[in-house]
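The values are calculated or read from the model by the stated rules, or taken from the named source; none is laboratory data. Quick caveat, the model's predicted, so the values are computed rather than measured. Every residue, glycine as well, gets a Cβ built from its backbone with ideal geometry; the counts of neighbours run over all protein chains shown. Heavy atoms of the whole protein, side chains included, go into the accessibility calculation; ligands, DNA and RNA do not. Shrake-Rupley method; radii C 1.70, N 1.55, O 1.52, S 1.80 Å.
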Amino acid sequence: MTNQEKLEALKAVLKQTNTEYWENVAVGDSGVTIPLFLPKQRIAVRIGDDDIWYHKLRRFVHPVIIRDLDTAQFVIEKVNNTIDQKCTYRRDKSPRHYLTPEQQKRKRSIFKFRKRLHAEHKFCVSQSASSNKNIKSE
């Protein structure tokens with residue numbers, strides 16, 4: 001089975017599941033095209049072993065590469081796993097942004113404590129500096 005046939009099988013599965021995808025998307029002015037792109041999940045599917053392409057785009061999209069040794073079922077599974085990983089990452093990340101009232105109170109008290117320590121440190125440093133000036137001037 002050729003890589004193009006594997007890509008067609010993936011497109012058929014995406015049509016079946018009503019997942020939006022774009023074909024032959026150009027990336028900037030570099031002349032690089034992505035054969036298949038899922039915009040909602042930000043997943044780019046490309047044919048061939050291209051490590052440079054993978055490392056350039058992995059900061060912006062989730063690249064999936066179709067290799068010669070992969071079967072069509074494995075490519076479909078790879079894309080599904082990437083979608084699942086992306087969804088679980090978002091779900092795990094979201095609760096961290098919300099603090100309970102007790103956590104907010106503790107955070108404020110720690111901030112006030114650090115601010116007070118910083119002010120005391122400045123006061124101590126300024127006093128020691130002024131005492132050093134008095135010693136040097138005598």
For this session: Mind checking the per residue accessible area of region 1-81 for me, 1.4 Å probe, whole number of Å²?
Result: 64
Exercise. Using the per-residue mean of other Cβ atoms lying within 10 Å as a proxy for protection, in what order, highest first, do the peptides 11-19, 36-44, 108-116, 67-75 fall?
Worked result: 36-44, 67-75, 11-19, 108-116
